[in-house]
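Any read-out appearing in this document is the output of simple, stated calculations on the displayed coordinates, not a laboratory observation. It should be emphasised that the depicted structure is a prediction, and the values quoted were computed from it without experimental measurement. So basically every Cβ, Gly included, is an ideal-geometry build from the backbone, and we count neighbours across all protein chains shown.
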Amino acid sequence: MWFEDQDLRLISEPERKGGSLTFMKISRRNFLKISGATAAGTMIGGLGFDLSPMEAFAQDLRIKGAKETTTICCFCSVGCGIIVHTDSKGKVINAEGDPDHPINEGALCAKGASSYQIAVNPNRLQKVRYRAPYSNNWKEVSWEWAVNKIAANIKRSRDGSFMLRNVDGKVVNRANGIASVGSAALDNEECWLYQKFLRALGVIYLEHQARI
């Protein structure tokens, strides 16, 4: 960028060397006016003007009269605290970081900040869907049918891959045909029960989404 003459013509490098690009012509007075207005707008926009009182007031209006419940974020093993607000009908209307929690002190990652959508999301499936092998479409099934189907598949896989003894003749009781990747949407107690169930089946390939 180059400044030439008293009119402060703003000329780019190609123009200075004879290029055909156009340029903007302003006076020094107008240049100072524009610069001052830009600086004032920047300060009001957030650098010099504190908007937090108004933001806090708007937030209070949204959750006024709501029931406040503390919980733990379900997405990973860090264990960040979340405050959930529900209305008189039990519907979740807000979720935010718990400032009194010793781990996150109110801060949340992108997944934790979007945890509100776990409860309130029009795109969330409300019914069980099943796609048969080699099929190209899904069909809705009942929970009872789905649980029985899962149980039958587990039994068939366990019976077909179960190892009573290893090559050294030691009793191992392994179900080599089953592996598990735990869900980050499970809390600690649910994960404990889940891994106990898997170990009872003889499953040895255990992993969890939070660790991956």
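Residues with amide H under 5 Å of ILE93's amide H, sequence separation 5 or more or different chain, H placed in the peptide plane at 1.01 Å from N; which?
HIS85, THR86, ASP87
Going highest first, how would you order 186-196, 74-84 by mean Cβ packing within 10 Å?
Listed from highest to lowest mean packing, they are 74-84, 186-196.
Counting Lys and Arg as +1 and Asp and Glu as -1, each charge on the Cβ, what is the dipole of region 65-119 about the Cα centre in debye, to the nearest 20? It would help to have the intermediate numbers written out before the result.
Working: 4 positive and 6 negative charges, 58 e Å.
For this selection, approximately 280 debye.
So for region 65-119, averaging the separation of alpha carbon pairs under 8 Å that are six or more residues apart and normalising by length, what relative contact order in percent results? Write down the numbers at each step before the final one.
Working: 97 pairs, mean separation 15.5, N = 55.
The normalised contact order for region 65-119 reaches 28 percent.
DSSP loop trypsin sites (Lys or Arg not before Pro) in region 95-174 with at most 14 other Cβ atoms within 10 Å of their Cβ, which ones?
Filter output for region 95-174: ARG124, LYS127, ARG131, LYS170.
Please work out whether region 128-208 counts as rounded, prolate or oblate from its C-alpha gyration tensor, where a ≥ b ≥ c are the square roots of the eigenvalues and a/c under 1.5 means rounded, while otherwise a/b larger than b/c means prolate and anything else oblate? It would help to have the intermediate numbers written out before the result.
Details: a/c = 2.57, a/b = 1.48, b/c = 1.74.
Note, shape of region 128-208 comes out oblate.
Would you kindly derive the ³J(HN,Hα) couplings of region 79-92 from the backbone phi angles with the Karplus curve 6.51 cos²θ - 1.76 cosθ + 1.60 (θ = phi - 60°), listing them in order in whole Hz, with x for Gly and Pro?
These are the phi-based 3J(HN,Hα) values: x, 5, x, 10, 9, 10, 9, 10, 7, 5, 9, x, 7, 6 Hz.
Taking Cα pairs under 8 Å and at least six residues apart, what relative contact order does region 90-211 come out at, in percent?
Relative contact order of region 90-211: 14 percent.
For a quick check: with amide H placed at 1.01 Å from N, whose amide H comes under 5 Å from HIS208's, ignoring anything fewer than 5 positions away on the same chain?
GLY182
Past the 26 Å Cα-Cα mark, which pairs from LYS127/LYS196; LYS64/LYS89; LYS91/LYS149?
Violating the 26 Å limit, Cα to Cα: LYS127/LYS196; LYS91/LYS149.
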